[in-house]
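The values are calculated or read from the model by the stated rules, or taken from the named source; none is laboratory data. These numbers come from a predicted model, not from an experiment. Here Cβ is always computed from backbone atoms with ideal geometry, including for glycine, and neighbour counts include all displayed protein chains. Note: accessible area is taken over every heavy atom of the protein model, side chains too, but ligands, DNA and RNA are not part of it. Shrake-Rupley method; radii C 1.70, N 1.55, O 1.52, S 1.80 Å.
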Number of protein chains: 2
Amino acid sequence: MTQTADTASTQRLDRQLAFLAEAEKLKGVVRATPVMDDSRFENSAEHSWSLALWALVMADQAAPEVDPVRAIKMLLLHDIVEIDVGDVPIHSAGGKAHDSAEIAAAEDRAAERIFGLLPADMAEDFLATWREFEANETPTAIYAKSLDRAQPVMLNLQSGGGSWREYKVTWTQLEDRVGCKINRGIPGVWEAIKARIFPWFQDNRRV
Amino acid sequence: MTQTADTASTQRLDRQLAFLAEAEKLKGVVRATPVMDDSRFENSAEHSWSLALWALVMADQAAPEVDPVRAIKMLLLHDIVEIDVGDVPIHSAGGKAHDSAEIAAAEDRAAERIFGLLPADMAEDFLATWREFEANETPTAIYAKSLDRAQPVMLNLQSGGGSWREYKVTWTQLEDRVGCKINRGIPGVWEAIKARIFPWFQDNRRV
C-alpha cells in the first residue's frame with residue numbers, strides 16, 4: 001500500500017513538473033505591445049505577471065461579486081494556450097482576428113493539451129477556470145478580461161503609442177475594441193485611463 | 001462631501017496606476033538564468049509569473065500551515081525591489097553577495113519607495129507581505145522562498161546548464177546555496193528535482 005501511494009505521489013509530481021516545464025515556453029510568445037522603453041516587444045509570460053499584479057492592486061475597483069483570488073488565477077493561466085496558437089493582436093486584421101471562431105477552437109484544443117499535462121483533478125480545475133475566463137460571463141471573468149484590456153493600453157501610452165502606431169488605431173476603434181470591455185468590468189478605471197490616453201489620440205490626429 | 005469622496009477616490013486610483021506603471025520596469029531587470037532555449041536571459045517579471053504559477057501548481061506539496069494565496073501574492077511582489085537594486089545572482093561572488101546586509105538594506109529602502117507609491121493602506125500591506133517573504137520565517141514565506149529557488153534550477157536544466165555553466169557551480173555548492181532552501185519548504189519536490197539534475201552535475205564533472 002505504501003509503495004502504491006508513493007508511486008501515485010511521484011506520478012503526480014512528475015505531471016506537475018512537466019506542466020511547469022511546458023509553461024516556460026510562454027516566455028517565447030511575443031505580443032504586439034512593446035515594453036515601456038520601446039526596446040522590444042512584450043512576451044506573454046511577463047504580460048501575465050503584469051495582469052496578476054493589476055488584479056492584486058485593482059481588487060477594490062471590482063464589483064462586490066468578483067472573487068479577486070480567482071481573477072488572479074485566471075490571469076496567471078489565461079494566455080498559456082498561446083504556446084500552441086500564438087498571440088493574436090487585438091488590432092490585427094482590422095480587429096476581426098482576435099475573436100474568430102477558428103482561433104477560439106484552436107485555443108480550446110491548446111487548453112486541453114497543455115492543462116492535460118497536469119494531474120487529472122488539477123487539469124479539470126485549470127481548464128474550467130480558463131474556459132470561465134474565455135466565456136467572459138461571470139463577474140470574475142468580466143473583471144479579469146477588463147484588466148487584460150487595460151494593461152496594454154497603459155503600456156502603449158508609456159512606450160509612446162506602441163501597437164496603436166503599428167495598427168494605426170483611431171479613438172473610435174480603441175473605444176469599440178478595448179474601451180467598452182474595460183468599462184464593463186472596471187468603469188472607474190476606464191474613466192481614469194481615458195483621461196490619460198485621449199490626448200495621445202488627439203496629438204496623433206486619430207480622433 | 002460627494003466631491004471630497006470623489007477626489008479621494010481619484011487620488012487612490014492615481015496612486016494605483018502610478019505603482020503599476022512603475023512596476024513595468026521589472027521587465028527590464030535581467031537575471032542570470034537563461035530562458036529555456038538559451039536565446040537570452042530571463043527577466044524578473046517573467047520569472048515572477050513562473051513563480052506564481054509554481055505556487056498555484058505546487059500548493060498540495062506545501063505544509064498544511066502554508067497559506068497558498070498569500071504565497072502567490074508574495075511571489076508576485078518579491079522581486080519588485082530589483083527595479084532599484086537589480087538582480088543579485090545566487091551564485092555570484094562565490095555565493096556571498098546574495099544575502100549580504102548591504103543588499104538587504106538597499107532592498108528594504110527600495111520596497112519603501114516603490115510600495116510607497118500605492119495608497120497608504122495598500123502600501124503598508126504590500127510592504128509587510130514583502131518583509132515577511134524576506135524574513136523567511138513563517139511557513140508561507142519558507143514555502144514561497146523554496147519555489148523561488150526551485151524554478152531557476154529546473155530552468156537551468158532545460159537550457160542545458162544555464163547559470164551553473166557561467167558560475168562553474170559544483171554539486172556541493174548547489175546543495176548548500178539552493179538545495180537546502182528548497183528542501184526546507186518542499187522536501188518532496190527537492191527529491192524529485194535532485195533526481196533530475198544530478199546527472200547534469202555528473203556529466204559535467206561537477207560532483
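Filter the range A:37-51 down to residues that are assigned to a loop (DSSP other than H, G, I, E, B) and touching a residue at least 40 places away in the same chain (Cβ under 8 Å) and give me whichever is farthest from the other protein chains (Cβ to nearest Cβ).
Among them, the one singled out is A:ASP38.
Please state which one of B:ILE83, B:ILE90 is among the β-branched types (Val, Ile, Thr) and modelled with pLDDT under 95. Unique residue meeting the criteria: B:ILE90. Taking each residue of the range A:52-67 that is away from every other protein chain (no Cβ under 11 Å) and looking for partners that are of a type in the set (Phe, Trp, Tyr) with beta-carbon atoms closer than 6 Å, six or more apart or interchain, yields A:ALA62/A:TYR143; A:VAL66/A:TYR143. Assessment of the range A:6-22 against the conditions (in a loop (DSSP other than H, G, I, E, B) and either in contact with a helix residue (DSSP H, G or I) (Cβ under 8 Å, 6 or more places away or on another chain) or within 11 Å of chain B (Cβ to nearest Cβ) (or both)) yields no matching residue. Could you say whether any residue in the range A:109-119 is in a loop (DSSP other than H, G, I, E, B), open to solvent by 50 Å² or more (accessible area, probe 1.4 Å), more than 12 Å from chain B (Cβ to nearest Cβ) and not hydroxyl-bearing (Ser, Thr, Tyr)? No: zero hits.
From B:LYS27, B:LYS73, which residue is in contact with a strand residue (DSSP E or B) (Cβ under 7 Å, 6 or more places away or on another chain), facing chain A (nearest Cβ under 7 Å) and buried (at least 19 other Cβ atoms within 10 Å of the Cβ)? Spell out the reasoning first.
Values: B:LYS73 fails: in contact with a strand residue (DSSP E or B) (Cβ under 7 Å, 6 or more places away or on another chain).
None of the other options fit; the residue is B:LYS27.
Screening A:LYS96 on (1) open to solvent by 20 Å² or more (accessible area, probe 1.4 Å); (2) within 11 Å of chain B (Cβ to nearest Cβ); (3) of a type in the set (Lys, Arg) shows it passes everything except condition (2). Within the range B:159-193, being open to solvent by 50 Å² or more (accessible area, probe 1.4 Å), more than 12 Å from chain A (Cβ to nearest Cβ) and assigned to a helix (DSSP H, G or I) holds for B:ARG165, B:GLU166, B:THR172, B:GLN173, B:GLU175, B:ASP176, B:CYS180, B:LYS181, B:ASN183, B:ARG184.
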